[in-house]
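Structure first, commentary second.
The values are calculated or read from the model by the stated rules, or taken from the named source; none is laboratory data. Values in this document were obtained by computation on a predicted structure and should not be read as measured data. All Cβ positions, glycine included, derive from the backbone under ideal geometry; neighbour counts span all protein chains shown. Heads up: the accessible areas ignore ligands, DNA and RNA and are worked out on the full protein's heavy atoms, side chains in. Shrake-Rupley method; radii C 1.70, N 1.55, O 1.52, S 1.80 Å.
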Amino acid sequence: MVNKKSKKAAESINSKLQMVMKSGKAVLGYKEVLKSLRAGSAKLIVIATNCPPIRKSEIEYYAMLAKTDVHHFTGANTALGTACGKYFRCSVLSVTDAGDSDIIATE
């Protein structure tokens with residue numbers, strides 16, 4: 001059973017991700033996220049729950065070095081891909097430009 005508070009938070013992050021995909025810029029995928037972290041263009045990193053632990057720790061380490069916020073998405077990689085409006089799985093997402101969304105301020 002999912003309680004109302006976590007369901008509301010999940011809907012909130014999903015709508016913010018949709019806004020970012022429409023009005024801002026985001027990068028999907030492990031390799032591209034690492035590139036954006038190294039370049040310093042990443043503002044927020046979103047990681048799915050079923051991302052492999054070694055990848056998750058590597059991304060968190062790069063994010064710590066780049067002083068970038070990390071958000072652990074409550075759903076699996078299929079749910080993260082769907083939240084971004086894509087028809088494929090995505091375990092990692094990097095927001096480079098938030099656009100009209102307030103996703104960076106709230107995370």
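Couple of notes before you dig in:
- Residue match in region 48-66 (condition: among the basic types (Lys, Arg) and out of contact with any strand residue (DSSP E or B) (no Cβ under 8 Å at 6 or more places or on another chain)): no
- Of all residues in region 66-107 being touching a residue at least 24 places away in the same chain (Cβ under 8 Å) and of a type in the set (S, T, N, Q), the one that is nearest to residue 22 (Cα to Cα): 101
- Some residue of region 93-105 being under 11 Å from residue 37 (Cα atoms) and part of a loop (DSSP other than H, G, I, E, B): no
- Of all residues in region 67-82 being in contact with a strand residue (DSSP E or B) (Cβ under 9 Å, 6 or more places away or on another chain) and hydrophobic (A, V, I, L, M, F, W, C), the one that is modelled with the highest pLDDT: 70
- Members of region 71-103 that are surrounded by fewer than 17 Cβ atoms within 10 Å (Cβ to Cβ) and hydrophobic (A, V, I, L, M, F, W, C): 76, 88
- Matching residues, region 24-41, being open to solvent by 30 Å² or more (accessible area, probe 1.4 Å) and either at pLDDT below 90 or β-branched (Val, Ile, Thr) (or both): 27
- Evaluation of residue 20 against the conditions (1) at pLDDT 95 or above; (2) under 11 Å from the mean Cα position of the chain (by Cα) shows that the sole unmet condition is (1).
- For region 69-81, a residue qualifies if it is closer than 14 Å to residue 50 by Cβ and either in a strand (DSSP E or B) or not aliphatic (A, V, I, L, M) (or both), and the qualifying residues are 72, 73, 74, 75, 77, 78, 81.
- Taking the criterion of being loosely packed, with under 15 Cβ neighbours inside 10 Å and either of a type in the set (S, T, N, Q) or under 13 Å from the mean Cα position of the chain (by Cα) (or both), the residues of region 42-59 that qualify are 49, 57.
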